[in-house]
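Structure, as structure tokens:
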């Protein structure tokens with residue numbers, strides 16, 4: 001087994017056909033480890049990243065993508081953290097493997113151990129093979145298993161009528177249908193080549209209105225991510241418009257057409273219209289559209305917000321691990337970095353006025 005380290009866009013594009021061949025044969029794959037999504041992420045987010053590629057002879061059999069964050073003081077690196085997958089931007093973490101899984105995981109684990117890092121975050125793990133990778137990397141290091149993350153999912157039948165008649169949470173669905181009916185005169189659109197720029201800006205502006213995020217930065221990062229992913233066929237943008245042409249709500253979804261999975265990634269609505277719950281109306285229109293496009297799964301992705309629990313009839317649990325080097329410096333820098341990030345989140349929550357998401 002040979003492990004290559006790829007860290008350039010040209011290198012990533014060079015192995016596209018091999019990557020997509022392995023991806024297509026992997027039963028654990030998700031859109032967040034697809035070449036199209038990762039290519040969009042690399043261009044949009046511009047974070048230091050690496051793709052580890054395992055070859056058995058001349059044939060590629062496995063890939064692992066990760067991002068790196070470093071804290072520096074001049075030339076001195078104080079802290080180096082690795083996030084497996086494209087966490088936290090990606091809602092799921094996984095490998096791409098075809099062939100001898102055990103040998104590939106062992107090779108990837110040993111390659112990770114040789115890289116310089118203080119902490120590895122293995123978060124939002126949907127792929128059970130990541131736990132085996134953590135065991136390899138954790139040998140000789142410190143592994144902490146952390147609280148699992150809930151992910152709500154609902155199976156989609158063949159028709160909208162069947163969805164309404166068979167949904168297991170009738171009370172929640174009746175409420176949602178009333179909200180949908182309240183906006184029956186509203187116009188629902190799905191982004192096209194002509195409207196993608198406008199629709200992305202509508203979504204980010206509504207999201208900024210609620211969360212007081214940095215709109216310029218959001219346009220530069222998430223805006224570009226959505227547009228790049230749309231052009232590569234793995235993103236759908238929907239907008240709900242009032243009769244007067246005002247945007248009421250919008251959503252972005254990352255989709256896997258081959259596995260017929262629709263993953264709702266960002267949902268925002270006009271706060272001035274919240275009395276009639278335009279977000280719920282948008283959500284129902286999105287589900288109706290996904291059914292019409294023959295998607296079999298509506299995935300609310302990472303998070304346990306109340307509106308997701310209301311409509312997601314199944315729970316998928318995502319595992320979380322942290323691997324640390326067994327040194328005092330690594331433990332001290334990790335604690336300091338974690339405390340800094342928590343302080344930033346606390347300040348932001350105070351400024352926004354709470355973080356409970358609702359629609």
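The values are calculated or read from the model by the stated rules, or taken from the named source; none is laboratory data. The structure displayed is predicted, hence computed values, not measured ones. With ideal geometry, Cβ positions are generated from the backbone for all residues, glycine too; neighbour counts draw on all protein chains shown.
Since residue 171 meets every condition but one in (1) assigned to a helix (DSSP H, G or I); (2) surrounded by 14 or more Cβ atoms within 10 Å (Cβ to Cβ), which condition does it not meet?
All conditions are met except number (2).
Looking at the range 21-30, which of its residues are at pLDDT 95 or above, within 18 Å of the chain's Cα centre (by Cα) and over 15 Å from residue 263 (Cβ atoms)?
Once the filter is applied, which keeps residues that are at pLDDT 95 or above, within 18 Å of the chain's Cα centre (by Cα) and over 15 Å from residue 263 (Cβ atoms), the range 21-30 yields only 23.
Please go through (1) surrounded by 16 or more Cβ atoms within 10 Å (Cβ to Cβ); (2) in contact (Cβ under 8 Å) with a residue 40 or more places away in the chain; (3) more than 19 Å from residue 29 (Cβ to Cβ) for residue 78 and return the number of the only condition it doesn't satisfy.
All conditions are met except number (1).
Please name all residue pairs, on different chains or six or more residues apart, with Cβ atoms under 6 Å, provided the first residue is in the range 101-114 and is over 18 Å from residue 325 (Cα atoms) and the second residue is at pLDDT below 95.
103/1; 107/1
Within the range 247-259, how many residues are modelled with pLDDT under 95 and either out of contact with any helix residue (DSSP H, G or I) (no Cβ under 6 Å at 6 or more places or on another chain) or assigned by TED's automatic domain parsing to the domain that holds residue 32 (or both)? Lay out the reasoning, then the answer.
Filtering the range 247-259 for residues modelled with pLDDT under 95 gives 256-259.
Of the ones still in play, those that are also either out of contact with any helix residue (DSSP H, G or I) (no Cβ under 6 Å at 6 or more places or on another chain) or assigned by TED's automatic domain parsing to the domain that holds residue 32 (or both) are 257-259.
Of the residues in that region, 3 qualify.
Given the criterion under 23 Å from residue 252 (Cβ atoms), at pLDDT 95 or above and in contact with a strand residue (DSSP E or B) (Cβ under 9 Å, 6 or more places away or on another chain), identify the matching residue among 54, 33. Break it down stepwise before answering.
On the way: 54 fails: under 23 Å from residue 252 (Cβ atoms).
One residue alone meets the criteria, 33.
Pick from 131, 90: which is in contact (Cβ under 8 Å) with a residue 12 or more places away in the chain and touching a helix residue (DSSP H, G or I) at 6+ places or on another chain (Cβ under 7 Å)?
Being in contact (Cβ under 8 Å) with a residue 12 or more places away in the chain and touching a helix residue (DSSP H, G or I) at 6+ places or on another chain (Cβ under 7 Å) holds for just one of 131, 90, which is 90.
Mind listing whichever residues of the range 131-157 are in contact with a strand residue (DSSP E or B) (Cβ under 6 Å, 6 or more places away or on another chain), buried (at least 17 other Cβ atoms within 10 Å of the Cβ) and over 15 Å from residue 304 (Cα atoms)?
134, 137, 138, 141, 156
State all residues of the range 312-340 that are out of contact with any strand residue (DSSP E or B) (no Cβ under 6 Å at 6 or more places or on another chain) and part of a helix (DSSP H, G or I); if no residue qualifies, say none. Working first, answer last.
Just the residues of the range 312-340 that are out of contact with any strand residue (DSSP E or B) (no Cβ under 6 Å at 6 or more places or on another chain), to begin with: 325, 327-329, 331-332, 335-336, 338-340.
Answer for the range 312-340, where residues must be out of contact with any strand residue (DSSP E or B) (no Cβ under 6 Å at 6 or more places or on another chain) and part of a helix (DSSP H, G or I): 328, 329, 331, 332, 335, 336, 338, 339, 340.
Does residue 111 satisfy the criteria of being surrounded by 15 or more Cβ atoms within 10 Å (Cβ to Cβ), in the same structural domain as residue 328 (by TED's automatic domain parsing) and touching a helix residue (DSSP H, G or I) at 6+ places or on another chain (Cβ under 7 Å)? It would help to see each step written out before you state the result.
Numbers: surrounded by 15 or more Cβ atoms within 10 Å (Cβ to Cβ): yes; in the same structural domain as residue 328 (by TED's automatic domain parsing): yes; touching a helix residue (DSSP H, G or I) at 6+ places or on another chain (Cβ under 7 Å): no.
So residue 111 fails the test.
Can you name every residue in the range 227-246 that is surrounded by 23 or more Cβ atoms within 10 Å (Cβ to Cβ) and out of contact with any helix residue (DSSP H, G or I) (no Cβ under 7 Å at 6 or more places or on another chain)?
236, the sole residue that qualifies.
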